[in-house]
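Student: Would you mind keeping the following structure in view while I ask a few things?
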Amino acid sequence: MTGAHSGLRLLAEPDGRESRDRLEILTALINGPGFDPLLRADVIKVPTEHPVFGWGCRVSRCQRSAHGTSDLCDTHRQQRVSRGGDEAERAEFLRTAEPLPLTTAAFTGPCRVSGCERLALGHRYRLCARHDNRWRKASAREHDTELDLDEWLATEVPYPSFGVCSAASCRDGAGSPLGLCPNHDQRYERAGRPGGAELPGGWFHSHERDPSSIAVRYRDEKVFRQWCREADPLLRIGEINLLGLHPLLRAEIKWGLFAHQRQNPRTRWLPVDVQNLVNNCRAMDSLTGFDLDNCSRRARGLTKEMLQSLRVVYVTPSQTREAGYLEFGSLRGRIPRFQQPL
Ligand SMILES: [Zn+2]
Ligand SMILES: [Zn+2]
Ligand SMILES: [Zn+2]
């Protein structure tokens, strides 16, 4: 069944050879001197005030992210609506409204015992689970005299890490020998533990010191690995996480962001909207396979613009690219973009 937007499928999906050619072209462009270095990273960390992808609430010193199509966080948007949203008072509101702190600052740094490679729990001592356990026991033993945390820290030995999280979209440290970070561990549980990966009972006490000695048991390891490939990353404010994507899709999105920034800088694209799009097409090889008929309006808008910019790259004759020119649709005509031939 052909949907209403099938005419918007601007490019055919590539076959294997075409896919390699397209990746080669995009890789050259992305590594070229005209590309924005910020957008080269696989995890793009957008500064709050970025002119195009900036995500901060416009209220002075507010740390929260803008919400939806507004340039205010949800709370400040509601406050403004309840005060009538008068345009004339906007500047005054931005200056005088009470700034709000971040609410979801999940701490994922290392344990504070010198050299310890395990993740700290998100509480005030910032110790890993094992050191936290030891600290509690030590302070309970010394209940008469106050145990000095710094002195205690100096006597502790560090523990080796459990490696990096097995979810392809994640680089956080694993929280246990199962191989998932705390966030993905929770999601794995919520998903009903596909593939049935589990640790031997009592591992925490019996083998905790040497993670390599602990064998994870699976009902079906393939199913577990597939879950790991498809799991979305933890949503972090101001971050566009492209880890775990097919290399062509990843390059297409980087190029799409760059083209948007060049051509349409007045339209703000919030990282959270880009991330939602990324998560929607995680299983695809190329953005050209994206189903424009069955997605949100926001995702469709972003994808259509990205596909336009890719079309320009893909259909431009190679001589034109080699001469250092790319025709950017009909918007700006031919613009010199690269100082050296690709
Ligand atoms: Zn705000
Ligand atoms: Zn520790
Ligand atoms: Zn993870």
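Every number here is computed from the coordinates shown, using simple stated rules; none is lab data. Everything numeric here is computed off the predicted structure, so don't read it as measured data. Counting neighbours? That spans all protein chains shown, and the Cβs are built from the backbone with ideal geometry, glycine included.
Student: Using unit Cβ charges (K, R positive; D, E negative) and no other charged atoms, how large, in debye to the nearest 20, is the dipole of the chain about its Cα centre?
Tutor: 720
Student: Which peptide among 84-90, 213-219, 243-249 comes first, and what is the full order, when sorted by highest mean count of other Cβ atoms within 10 Å?
Tutor: In decreasing order of mean packing, 84-90, 213-219, 243-249 become 243-249, 213-219, 84-90.
Student: Once the Cβ-Cβ distance between Asn133 and Arg190 is put in as r, and R0 is 22 Å, what FRET efficiency do you end up with, to the nearest 0.05?
Tutor: So, using R0 = 22 Å, E works out to roughly 0.30.
Student: With 18 Å as the cut-off, how large is the P(r) tail for region 107-159, expressed as percent of Cα-Cα pairs?
Tutor: For region 107-159, the share of Cα pairs beyond 18 Å comes to 25 percent.
Student: How many nm is it between the label spots at Glu146 and Gln78, if each spot is 7 Å from the Cα in line with the beta carbon?
Tutor: 4.1
Student: Further question on the same structure: Dividing the alpha-carbon Rg of region 26-97 by 2.2 N^0.38 Å yields what?
Tutor: 1.48
Student: Continuing with the same structure: Give the long-range amide H neighbours of Val43: residues separated by 5 or more places, or on another chain, with amide H under 5 Å away, using H modelled in the peptide plane at 1.01 Å from N.
Tutor: HN-HN under 5 Å from Val43: Leu242.
Student: Applying 1/(1 + (r/R0)^6) with R0 = 35 Å to the Cβ-Cβ distance of Tyr218 and Val157, what FRET efficiency is obtained, to the nearest 0.05?
Tutor: Between Tyr218 and Val157 the formula returns 0.65.
Student: Can you put Thr303, Thr267 in order, fewest other beta carbons within 10 Å first?
Tutor: Exposure proxy ranking, most exposed first: Thr267, Thr303.
Student: Rounded to two decimals, what is the ratio between the C-alpha radius of gyration of region 56-103 and 2.2 N^0.38 Å?
Tutor: Dividing the Cα radius of gyration by 2.2 N^0.38 Å gives 1.01.
Student: Which of the peptides 69-82, 146-159 is most tightly packed, and how do the rest follow, judged by the mean count of other Cβ atoms within 10 Å per residue?
Tutor: Highest mean packing first, the order is 69-82, 146-159.
Student: With point charges of +1 on the Cβ of Lys and Arg and -1 on the Cβ of Asp and Glu, referenced to the Cα centre of the chain, which listed residue (Cys181, Leu257, Asn241) lies farthest in the positive direction of the dipole?
Tutor: Leu257
Student: Which cross-chain or sequence-distant (5 or more) residues have an amide H under 5 Å from the amide H of Gly56, H modelled 1.01 Å from N in plane?
Tutor: Ala66
Student: Taking the beta-carbon count within 10 Å as an exposure proxy, list Tyr188, Tyr125 from fewest neighbours to most.
Tutor: Fewest to most other Cβ atoms nearby, the residues stand as Tyr125, Tyr188.
Student: Can you tell which of Val223, Ser166, Val274 lies farthest toward the positive end of the dipole of the chain, using +1 and -1 charges on the Cβ of basic and acidic side chains (Lys, Arg; Asp, Glu)?
Tutor: Highest projection toward the positive end goes to Val274.
Student: How do Arg229, Arg298, Arg124, Arg95 rank when sorted from fewest to most other Cβ atoms within 10 Å of their own Cβ?
Tutor: Exposure proxy ranking, most exposed first: Arg124, Arg95, Arg229, Arg298.
Student: How tilted is helix 221-230 with respect to the longest principal axis of the chain? Cα atoms for both, answer in degrees (0 to 90, nearest 10).
Tutor: Rounded to the nearest ten degrees, it is 50.
Student: Moving on to the next point. Under the Karplus relation 6.51 cos²θ - 1.76 cosθ + 1.60, θ = phi - 60°, what is the ordered set of whole-Hz ³J(HN,Hα) values for region 252-262, x standing for Gly and Pro?
Tutor: 5, 5, 4, 5, x, 5, 4, 4, 4, 4, 6
Student: Quote the convex hull volume per residue of region 78-179, based on C-alpha atoms, as a whole number of Å³.
Tutor: Taking the convex hull of the Cα positions in region 78-179, it is 200 Å³ per residue.
Student: Please report the projected area of region 143-194's Cα convex hull averaged over all directions, in nm².
Tutor: Convex hull of Cα atoms, orientation-averaged projection: 5.9 nm².
Student: Sticking to Cα atoms, compute the Rg of region 148-242 to one decimal and its Dmax as the biggest Cα-Cα distance, whole number, in Å.
Tutor: 15.5, 48
Student: Nearest 0.05, what FRET efficiency do His123 and Arg20 give at R0 = 41 Å with Cβ-Cβ as r?
Tutor: After rounding, the FRET efficiency stands at 0.25.
Student: What is the pair-distance distribution P(r) of the chain, computed from all Cα-Cα distances in 20 Å bins starting at 0, with each bin given as a whole percent?
Tutor: 24, 46, 27, 3, 0
Student: Just checking the chain: which Cys have no other cysteine's beta-carbon under 4.7 Å?
Tutor: Among the cysteines of the chain, those whose Cβ sits 4.7 Å or more from every other are Cys228, Cys281, Cys295.
Student: Given an 8 Å cut-off on Cα distances and at least 6 residues of separation, report the relative contact order of the chain as a percent.
Tutor: RCO, the chain: 20 percent.
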